[in-house]
Amino acid sequence: MPNIDPNIGLPLTLKASSDPIRLQILRLLKRDSLTASELALVLDIKQSALSHHLKIMTQAAWLNTRREGNTLFYRRHINTQLSVAQVQQSILSCLDMDELDEGAKTTLSAIRHARQQIGAAFFESHAHELDSVTDRIAGYKHY
């Protein structure tokens with residue numbers, strides 16, 4: 001995450017958190033890292049509109065990204081600048097007091113379930129390769 005000039009860090013943070021959709025994104029990322037398509041699904045908005053919000057939030061150091069292959073995951077980020085971090089913590093504390101609506105909870109649950117199914121299918125289809133891969137890394141005699 002780039003360092004933000006202390007003179008613009010706080011205004012940038014406040015501006016980035018002044019939109020209802022961005023606040024909802026922060027609420028959704030309380031426990032999970034989500035992709036843009038997953039966020040768009042939960043928020044029921046077009047991915048192009050969401051990308052604009054994600055860009056603003058990432059530039060303001062509200063979000064971090066993590067790449068897995070072609071997939072980019074977003075998660076909350078707390079700025080290293082103390083004054084900005086305190087404001088972020090206060091805003092997040094307020095947001096986290098309220099429960100997500102039932103629709104968002106249901107969609108997040110479906111996303112988690114789909115991820116589990118994909119992971120289980122991957123391991124099931126590759127389980128027969130486990131012994132040969134393990135032997136290539138470190139054979140049994142090395143344990």
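Each value in this text was obtained by applying a stated rule to the coordinates, not by laboratory testing. The shown structure was predicted, so the numbers you read here are calculated from the model rather than taken from an experiment. All Cβ positions, even for glycine, are placed from backbone atoms using ideal geometry, and neighbour counts span all protein chains on display.
Net charge within 11 Å of R115 by Cβ-Cβ distance, Lys/Arg positive one each and Asp/Glu negative one each, not counting R115 itself? Walk me through the numbers before you get to the answer.
Numbers: positive: R112; negative: D32, E38.
Taking every other residue near R115 into account, the sum is -1.
So how do 34-46, 83-95, 112-124 stack up, highest first, on mean other-Cβ count within 10 Å? Don't jump to the answer; show the numbers that get you there.
Details: 34-46: 16.8, 83-95: 14.9, 112-124: 10.4.
Taking the mean over residues of other Cβ atoms within 10 Å, the ranking is 34-46, 83-95, 112-124.
Normalising by the residue count of the chain, find the relative contact order in percent from Cα pairs under 8 Å and 6+ residues apart.
On the way: 107 pairs, mean separation 35.1, N = 143.
It rounds to 25 percent for the chain.
How many percent of all Cα-Cα pairs in the chain sit more than 24 Å apart? All intermediate terms of the calculation are to be shown ahead of the outcome.
On the way: 4428 of 10153 pairs.
Pairs farther apart than 24 Å: 44 percent.
Pairs of alpha-carbon atoms within less than 8 angstrom and 6+ residues apart define the contacts here; what relative contact order does segment 41-124 have, in percent?
Values: 39 pairs, mean separation 19.4, N = 84.
Computed over segment 41-124, the figure is 23 percent.
Excluding same-chain pairs closer than 8 in sequence, count the lysine pairs in the chain whose Cα atoms lie under 28 Å apart.
10
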